[in-house]
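Every read-out reported here was derived from the displayed coordinates using simple, explicitly stated rules and does not represent laboratory data. Model, not experiment: these values are computed from the prediction. Backbone-built Cβ (ideal geometry, glycine too); neighbour counts: all protein chains shown.
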Amino acid sequence: MREFKYVITDQEGIHARPAGELVKVAKGFACSIKLEKDGKSGDCKRIFGIMGLAVKKGQEVTLTFDGADEDAAYETVSKFMQENL
Amino acid sequence: MQIYSGKSVFGGIAIGKISVYRKDEQQVKRTRIEDADSELARYNQARKDGIEQLQQLYDKALKEVGEANAAIFEIHQMMLEDDDYNESVENIIRTQMVNAEYAVATTGDNFSHIFSSMDDDYMRERAADVKDISERLLAILNGSSGNQIQAGEKVIIVADDLAPSETVQLDKDLVLSFVTVHGSLNSHTAILARTMSIPALIGTSLPLDDTVDGKLGIVDGMNGKIYVDPDEAFLEEMLEKQRQEQEKKQLLQTLKGRENITLDGQKIMLYANIGNIKDLATVLQNDAGGIGLFRSEFIYLERDDYPSEEEQFQIYKTVAETMASKRVIIRTLDIGADKQCDYFEMEKEENPALGYRAIRICLTRPEVFKTQLRALFRASAYGKIAIMYPMITSVREVCRIQEIVEEVKKELLQQGIEFGEPEQGIMIETPAAVLISDELAKHVDFFSIGTNDLTQYTLAIDRQNTKLDEFYDPHHPAVLKMIAMVVESAHREGIWAGICGELGADLELTQEFLSMGVDELSVSPGSILPIRKVVLETNVEEYKKSRK
């Protein structure tokens, strides 16, 4: 299992559009990818799960990757987060 | 005449027939089914059809309103593919043995409730998206084509609220304005109105019945009012106002894309002042040649602790990338005086305007300064960034800044972090800097004159004090002489000089600035095109002769 912590810098937080893009990226991997904020967790492959966390700018989220391709997923998703959120 | 007030989303005046848009909500009955699998197959077919419809809407929206506004339909597709949503529908069908319509309606209600109870305006607004996709599925399941807005002529659309799919299905050429009872500034109707640049009101409490439908209406996006059944005289008045507005708009539009060049061939750069990354759209809309003053303070003011290097880097990088190859002049931290940050824990001062502020804070707290410089140098690798230091009074300060800059570059190099080589300039906003501008010009790449502070320090008048208005002359010859002097000093050393204070936008002075040889004016985005108009109509040589 791998873990990635990140503080959201995007002014609008994880709003609909980046949530949708994140889901697209996450769906490219077989491993489970979870996004956690303040003890609440959502599945990165489910748009309602991500939007439901209402992550705002300045908040820290933890992504956990668990499964066969977790290393590749870690690389791609953490890069996506840094570049877009 | 009836008058209703709402919140204006976009200015302008629209005059035309009102068309009330009524939704026919899908009626859902709960019926028992025998075969869950075939009901589920029916649901999945509807879902497939829905995704296909959304793809068509996406393609249509992409062409009409651009990618940013079309993205919502892609998100709707993802919502229809969301496992949580689908599992909920499936679960209801299987456990309760009920029809797909009922399962969809219930799931839609539940999910939209999750969003509408959130503590966030933007997310609350997303409840409408969930309702929209659920309505779409219901319409497909019921075999109805969904409702279209029918109009044979240009109309003012009045509705309770409009779903994104409804607004996109509208024939844009036939919509004069949107007026909705509900909706927020983040709603799709509001976003669409802004993209289409048509007047629109939200939160307008008007009846959606025959007292309004089919009547003549006037929407005034300036004062947020809709007038129904206007009398003759008022209609005349508004028609005239509309005509004048359109003339002005057209005039400014014809100026877009033109070079800022006088009749006798002198050029000037017209840049925009911005105080937040959100202002970037208006910068581009108004055809700015670059950003002449990016006030970095907002990054520090809107928070409770020092912003990190990474956070700042992302912001500067975004601006640099958005402006592509255009120059972006970022002013380093300028707090103190009237702009205070609690976490800087600064002592109370007797005379803050003459106190601990701007570069003085940066030079005594190099760790804060270095964080910002690192972020700026790193972001410079992504565009044409220039750095500008505020409140300079001596050559010694400039040399000290250069020492710190060298340290920052050395550290970045050692750490193997990529950075660019931004231009570095200073603000000229103290009489001291004006008088030694010939010396300062040898050490920097450009000057930008901050006329607000320069005027205040030169005339010894506090601009906030209204009692002093009669003594205050923004065109005081002392200030104008200083500007001329700074430009001369700059040109003698082969660097450029601009103005980024309020005076730069003063149309009465544009010709004067041109005759002084000012290289750049940085003004609020809305002032760029009016200044361009003056520049295009000016003959500098003739202006100089006329003044003698």
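Between B:GLU349 and B:LEU468, what FRET efficiency comes out of the Förster formula 1/(1 + (r/R0)^6) with R0 = 25 Å and r the beta carbon distance, rounded to 0.05? The computed FRET efficiency comes out at 0.75. Kirkwood's formula applied to the C-alpha pairs of region B:24-141 gives a hydrodynamic radius of 14.8 angstrom. Spin-label model, B:ASP342 to B:SER394: label points 7 Å out along the Cα-to-beta-carbon direction sit 3.5 nm apart.
Net length available on complete extension from B:GLU52 to B:PHE234 is 60.7 nm, with 0.36 nm assigned per residue and the Cα-Cα distance removed.
Its Cα gyration tensor gives chain B an equivalent ellipsoid; the semi-axes, largest first and in whole Å, are 54, 32, 20. For B:ILE499, the residues whose amide H sits under 5 Å from its own are B:ILE449, B:GLU520, B:LEU521, B:SER522, ignoring neighbours fewer than 5 places away on the same chain, with H placed 1.01 Å from N.
Our summary gives region B:265-547 a relative contact order of 20 percent, counting only alpha carbon pairs under 8 angstrom and 6 or more residues apart.
Considering only alpha-carbon pairs that sit under 8 angstrom and 6 or more positions apart, the relative contact order computed for region A:31-77 is 43 percent. Shown here is the pair-distance distribution of region B:355-470: with all Cα-Cα distances grouped in 10 Å bins from zero up to the longest one, the shares run 13, 39, 31, 13, 4, 1 percent. Please give the residues of region B:97-121, grouped as numeric ranges, whose backbone N is less than 11 Å from a label point set 7 Å along the Cα-to-Cβ vector of B:ALA36. From region B:97-121, the list is B:97-98.
Based on the Cβ-Cβ distance of B:GLU153 and B:ILE461, what FRET efficiency does E = 1/(1 + (r/R0)^6) give at R0 = 56 Å, to the nearest 0.05?
Working: r = 58 Å, r/R0 = 1.03.
Taking R0 as 56 Å, the efficiency between B:GLU153 and B:ILE461 is 0.45.
Starting from the 7 Å offset along Cα-to-Cβ, what nm value, one decimal, do you get for the label separation of A:LYS5 and B:GLU321? Going from the A:LYS5 label point to the B:GLU321 one covers 2.5 nm.
Shape call for the protein assembly as shown from the C-alpha gyration tensor, a ≥ b ≥ c root eigenvalues: rounded (a/c under 1.5), prolate (a/b greater than b/c) or oblate? Display every interim value, and only then the final one.
On the way: a/c = 2.61, a/b = 1.47, b/c = 1.78.
Because a/c hits 1.5 or more and a/b fails to exceed b/c, the protein assembly as shown counts as oblate.
What angle, in degrees between 0 and 90 and rounded to the nearest 10, separates the Cα long axis of helix B:366-379 from the longest principal axis of the Cα atoms of chain B? Result, in degrees: 60. Helical runs assigned H by DSSP (4 residues or longer) give chain B a calculated mean residue ellipticity at 222 nm of -14500 deg cm²/dmol, each run adding -39500 (n - 2.57) before division by the residue total.
When Rg and the Kirkwood radius Rh are both evaluated on Cα atoms of region B:265-547, their ratio Rg/Rh stands at 0.96. Size descriptors for chain A: radius of gyration and Dmax over Cα atoms are 11.3, 34 Å. Applying 1/(1 + (r/R0)^6) with r as the Cβ-Cβ distance of B:LEU413 and B:SER308 and R0 = 30 angstrom yields a FRET efficiency of 0.90. Seen against the Cα atoms of chain B and their longest principal axis, helix B:67-81 is set at about 40 degrees. Here B:LYS29 is the anchor, and the lysines within straight C-alpha reach of less than 20 Å, apart from those fewer than 8 places off in the same chain, are B:LYS131. Pairs exceeding 28 Å between alpha-carbon atoms, taken from B:LYS17/B:LYS248; B:LYS63/B:LYS278; B:LYS467/B:LYS548; B:LYS256/B:LYS481: B:LYS467/B:LYS548; B:LYS256/B:LYS481. Each stretch of four or more DSSP H residues adds -39500 (n - 2.57); spread over every residue of chain A, this sum gives -11000 deg cm²/dmol at 222 nm. The angle between the Cα long axis of helix A:16-26 and the main principal axis of chain A comes to about 10°, on a 0 to 90 degree scale.
Relative contact order for chain B: what percent, with Cα pairs under 8 Å and sequence separation of 6 or more? Could the numbers behind the result be given before it?
Working: 946 pairs, mean separation 76.7, N = 548.
In percent, rounded to a whole number, it is 14.
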